[in-house]
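Accompanying notes for the structure given below.
The values are calculated or read from the model by the stated rules, or taken from the named source; none is laboratory data. Because the structure is predicted, anything quoted here is derived from the model rather than measured. So basically every Cβ, Gly included, is an ideal-geometry build from the backbone, and we count neighbours across all protein chains shown.
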Amino acid sequence: MSDQRDLEFLYEIGSLRFIPRSWKRFLNPDFENLAEHHMRVMWIALFIAKHENAKDTAKLMKMALVHDITESRTGDADYLSRQYVDRNEKLGIEDMLKDTALEAEFLELWHEYEKRDSLEAKIVKDADNLSVDFELKEQEFHGLNAKSMFQQRMRKQVKQKYYTKTAKKMFDAIADSNPHDWHINSRNRINAGDWKAN
């Protein structure tokens, strides 16, 4: 293990913010990047874990952090491009983690995630998929009704891919949600400040 390799890895992780998700080409320039995707996946996974009574949230968070980092080497592939490209993610993760202090632990977590043979792996995959639905809902409120383009197939096919009851429930709830509720329903000038009705 090498301190130099640890630094190189951390610089590579920093570069995730420059890697766009390939969905961007179908939607608009304001679509999340790979670093932003990882952050939201981790939070979604924590909420699913709480509802599914998953105990090992430390493992879950680490798995969420590592789940898509190979895209630093392979790039992202959306639902269209996956039909045409072969990505060697196994080689990517091995090369990224090689000789770092985290190599053994995070290789094991990545392989477990890929196999989906634990509750944590299933939760992180559910969170990975749900992050797209959150993004589509946000894009809808930006005036791009991308979700309607996918709506019929999505409702029938995508929901079946979720592993947990919580993710399936969240998938349905997102459809009827408003991305602005977090600030509209928060303490603000209208409901608690100088604009509040008397």
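In the range 170-191, which residues are of a type outside the set (Phe, Trp, Tyr) and within 19 Å of Val132 (Cβ to Cβ)?
Once the filter is applied, which keeps residues that are of a type outside the set (Phe, Trp, Tyr) and within 19 Å of Val132 (Cβ to Cβ), the range 170-191 yields Met170, Asp172, Ala173, Ile174, Ala175, Asp176, Ser177, Asn178, Pro179.
Quick check on this structure: which one of Phe150, Phe134 is within 30 Å of Trp182 (Cα to Cα), at pLDDT 85 or above and in a helix (DSSP H, G or I)? Step through it out loud before you land on a result.
On the way: Phe150 fails: at pLDDT 85 or above.
Just one listed residue meets the conditions, Phe134.
Within the range 85-104, the set of residues being without any contact (Cβ under 8 Å) to a residue 60 or more places away in the chain and either assigned to a helix (DSSP H, G or I) or touching a strand residue (DSSP E or B) at 6+ places or on another chain (Cβ under 7 Å) (or both) comprises Glu89, Lys90, Leu91, Gly92, Ile93, Glu94, Asp95, Ala104.
Please indicate, with yes or no, whether at least one residue in the range 118-137 is among the acidic types (Asp, Glu) and under 20 Å from Ile19 (Cβ atoms).
Yes, because at least one residue in the range 118-137 is among the acidic types (Asp, Glu) and under 20 Å from Ile19 (Cβ atoms).
Considering only the range 21-44, I want to know if a residue exists there that is of a type outside the set (Asp, Glu) and farther than 30 Å from Glu140 by Cα. So far as the range 21-44 goes, no, none of its residues is of a type outside the set (Asp, Glu) and farther than 30 Å from Glu140 by Cα. Comparison of Lys165, Lys115, Lys125 shows that the only residue that is under 24 Å from Asp56 (Cβ atoms), surrounded by fewer than 11 Cβ atoms within 10 Å (Cβ to Cβ), within 19 Å of the chain's Cα centre (by Cα) and at pLDDT 95 or above is Lys115.
The set of residues in the range 174-185 being surrounded by 10 or more Cβ atoms within 10 Å (Cβ to Cβ) and either within 19 Å of His142 (Cβ to Cβ) or small (Gly, Ala, Ser) (or both) consists of Ile174, Ala175, Ser177, Asn178, Pro179, His180, Ile184.
Identify the single condition in (1) of a type in the set (Gly, Ala, Ser); (2) part of a helix (DSSP H, G or I); (3) modelled with pLDDT under 85 that Gly143 does not satisfy, given that it satisfies every other one. Every condition holds for Gly143 apart from (2). Every residue in the range 38-84 that is farther than 18 Å from Thr166 by Cβ, touching a His at 6+ places or on another chain (Cβ under 8 Å) and part of a helix (DSSP H, G or I), please. Answer for the range 38-84, where residues must be farther than 18 Å from Thr166 by Cβ, touching a His at 6+ places or on another chain (Cβ under 8 Å) and part of a helix (DSSP H, G or I): His38, Leu65. Condition check: touching a residue at least 24 places away in the same chain (Cβ under 8 Å) and in contact with a Phe, Trp or Tyr (Cβ under 6 Å, 6 or more places away or on another chain). Does Ile69 satisfy that? Criteria not met by Ile69. Here Gly75, Gly14 are screened, and the one residue that is under 17 Å from the mean Cα position of the chain (by Cα), more than 24 Å from Lys115 (Cα to Cα) and among the small types (Gly, Ala, Ser) is Gly14.
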